[in-house]
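What follows is a single structure, written as structure tokens, with notes after it.
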Amino acid sequence: MAAAARSATRAFARSNLRPVARSSRFALPIQTARASGRRGYSSEANAPKSNSALFIGIGLAAAGGAGYYFYSNGDAKASATFVPTQDDYQKVYNEIARLLVEKDDYDDGSYGPVLVRLAWHASGTYDKETGTGGSNGATMRFAPESDHGANAGLKLARDFLEPVKQKFPWITYSDLWTLAGVTAIQELQGPAIPWRPGRQDRDVAACTPDGRLPDASKDQKHIRAIFGRMGFDDREMVALSGAHSLGRAHTDRSGYDGPWDFSPTVFTNEFFRLLVEEKWAWKKWNGPDQFTDKTTKTLMMLPTDLALVKDKEFKKHVERYAKDSEVFFKEFSDAFVKLLELGVPFTSEERYTLKTSS
Ligand code: HEM
């Protein structure tokens, strides 16, 4: 893998593919410190191993968009009710952002991409007909949902966030995972994502059946069926797919391999530009059918990614986003806000735009 990553960087230097601005913090060449993927994730049910003797119980009630956290040190008189404010959520954001810098032993130097994927897979189980699934519940903590094939590798993201949960025990996992996705996108130079608290964790009974998340080997019909079930239109489906400017696929998780572009830790519209401008051919290998770029043979596209330019309606949006990064950022942000809120019984309209770390 190390050799492949280095050759990807060299090939890029030789190619006429346009580089994108990188943050100094994440301006890393594609590097090799790949966290090992693990299969067979066991349940993290009842995960809170609070190191605080203060923790007796959590009562979360949504009111005015704020979660209420009841805690006590065992002395009934000392009981208090804590109502988190925007500042408190900013502290959680800041802690995730700090850890993103501190813990750089993931793939290309940032856990950001896998945090985005966690937020998406937690939310993308929503079914508008039955009102089931979605980010409200964080049911991926439990088997069988944690063991669904589509969720392979996401234990790394959940484990990354566990110290944050320990530090801020008043936040629900459901709010934490979605907030982590927002933090990752903003910290990796993506658009601002206004975010709303108020999700409540649910138990194993709320786990969704397998098969609600998309299958990358399929075509445009499948994309429309899966995202249509959540309530998205063509434009939103294409916008959301642009998150593949981040991260990479792993043979020991999905079976696919490689990054979509040369800056997998910077949120850009490169995914769309490469879809339009690069030539893509079937990769010759022993893995599942995927595409590789003809110029460097180091990038990848999934069959579902290529479906976005094979389908005329989808392609219109791909071309718009390839041309105009600002339009993509705006429409991605709107669609991602919608994704993270699917099926959540919020009691407040107020969203917070949390500050990106300087
Ligand atoms: C048709 C829709 C989609 C399909 C079939 C799909 C499929 C995949 C697959 C197979 C991987 C590789 C997983 C691995 O091996 O680690 C992946 C990674 C990823 N996906 Fe998607 N995805 C879709 C939509 C989305 C959406 C809507 C988002 C977010 C808004 C997203 C964000 C990501 C990110 C950030 C990664 C990289 C994760 C990492 O680096 O660990 N994907 N996706």
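The values are calculated or read from the model by the stated rules, or taken from the named source; none is laboratory data. None of the values given here were measured: they were computed from a predicted structure. Cβ: placed from backbone, ideal geometry, glycine included. Neighbour counts: every protein chain shown.
Side notes on the structure shown:
- Residues of the range 184-210 classified as in contact (Cβ under 8 Å) with a residue 40 or more places away in the chain and either farther than 28 Å from LEU100 by Cα or touching a strand residue (DSSP E or B) at 6+ places or on another chain (Cβ under 9 Å) (or both), total: 11
- Which numbered condition LEU240 misses (of (1) at negative phi; (2) more than 9 Å from the ligand (Cβ to nearest atom)): (2)
- All positions within the range 218-235 that are farther than 18 Å from ALA119 by Cβ, surrounded by 15 or more Cβ atoms within 10 Å (Cβ to Cβ) and in contact (Cβ under 8 Å) with a residue 60 or more places away in the chain: LYS218, GLN220, HIS222, ILE223, ARG229, ASP234, ARG235
- Considering the range 250-265, the residues that are of a type outside the set (D, E, K, R) and either touching a strand residue (DSSP E or B) at 6+ places or on another chain (Cβ under 6 Å) or not assigned by TED's automatic domain parsing to the domain that holds LEU302 (or both) include one that is nearest to ASN151 (Cα to Cα), namely TYR256.
- Among residues of the range 298-334, those that are buried (at least 16 other Cβ atoms within 10 Å of the Cβ) and not in a helix (DSSP H, G or I), counted: 6
- Scanning the range 256-266 for any residue that is under 12 Å from MET301 (Cβ atoms), part of a strand (DSSP E or B), within 7 Å of the ligand (Cβ to nearest atom) and in contact (Cβ under 8 Å) with a residue 24 or more places away in the chain turns up nothing.
- Filter result for THR139 (touching a helix residue (DSSP H, G or I) at 6+ places or on another chain (Cβ under 8 Å) and of a type in the set (S, T, N, Q)): yes
- Condition met for GLY133 (crowded, with 24+ Cβ neighbours inside 10 Å, in contact with a strand residue (DSSP E or B) (Cβ under 6 Å, 6 or more places away or on another chain) and on the phi > 0 side of the Ramachandran plot): yes
- THR172 vs. criteria within 12 Å of the ligand (Cβ to nearest atom), over 25 Å from MET301 (Cβ atoms), modelled with pLDDT of 95 or more and crowded, with 22+ Cβ neighbours inside 10 Å: no
- Verdict on LEU118 being crowded, with 24+ Cβ neighbours inside 10 Å and either within 11 Å of the ligand (Cβ to nearest atom) or in the same structural domain as ALA192 (by TED's automatic domain parsing) (or both): yes
- Matching residues in the range 234-248 - criterion: being of a type outside the set (D, E, K, R) and outside any helix (DSSP H, G or I): LEU246, GLY247
- Single residue of ALA97, ALA184, ALA180, ALA192 found to be away from the ligand (no atom under 16 Å from the Cβ) and either buried (at least 18 other Cβ atoms within 10 Å of the Cβ) or at pLDDT 95 or above (or both): ALA97
- Residue that is in contact (Cβ under 8 Å) with a residue 60 or more places away in the chain and in contact with a helix residue (DSSP H, G or I) (Cβ under 7 Å, 6 or more places away or on another chain), where the choices are ASP334, ASP289: ASP289
- GLY258 vs. criteria surrounded by 20 or more Cβ atoms within 10 Å (Cβ to Cβ) and in contact with a Phe, Trp or Tyr (Cβ under 6 Å, 6 or more places away or on another chain): no
- Test: residue in the range 213-225 that is touching a Gly at 6+ places or on another chain (Cβ under 6 Å) and at pLDDT 95 or above: yes
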